[in-house]
């Protein structure tokens with residue numbers, strides 16, 4: 001499963017995000033993720049994908065594509 005698919009699965013399963021809304025250009029704010037939800041998502045990604053995202057600063061202004069790129073970069077390292 002790709003990084004984008006993993007993140008999409010987490011968004012749908014844990015936050016009830018509409019799968020159609022999960023597009024690379026969609027901001028995390030558009031997906032209705034506030035700062036608490038972003039922290040929860042970060043922890044879920046770390047657990048599921050085995051990456052350390054402590055140095056990644058997520059904001060609701062970031063897009064899904066930016067999140068995927070950041071996680072993919074960490075997973076590849």
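So here's what we get for this one:
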item: Rounded tilt (10° steps) of 35-49 against the dominant C-alpha axis of the chain; result: 50
item: Listed residues 26, 37, 13, most fluctuating in the chain (Gaussian network, C-alpha, under 10 Å); result: 13
item: Stretch gain in nm, segment residue 29-residue 43, where the contour uses 0.36 nm per residue and the Cα spacing is subtracted; result: 3.2 nm
item: For 39, 46, order by how many other beta-carbon atoms lie within 10 Å, fewest first; result: 39, 46
item: Estimated distance in nm for a label pair at residue 52 and residue 1, the labels positioned 7 Å out from Cα along Cα-to-Cβ; result: 2.5
item: Estimated inter-spin distance, residue 18 and residue 61, nm [label 7 Å along Cα→Cβ]; result: 2.6
item: Reciprocal of mean inverse Cα separation for the chain (Kirkwood radius, Å); result: 12.2
item: Using alpha-carbon coordinates, inclination of helix 3-15 to the longest axis of the chain, degrees; result: 50
item: Contact order relative to length of the chain, as percent, for alpha carbon pairs under 8 angstrom and 6 or more apart; result: 39
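Every read-out reported here was derived from the displayed coordinates using simple, explicitly stated rules and does not represent laboratory data. As the structure is a prediction and not an experimental result, all values here were calculated from the model. Note: ideal-geometry Cβ built from the backbone for every residue, glycine included; neighbour counts use all protein chains shown.
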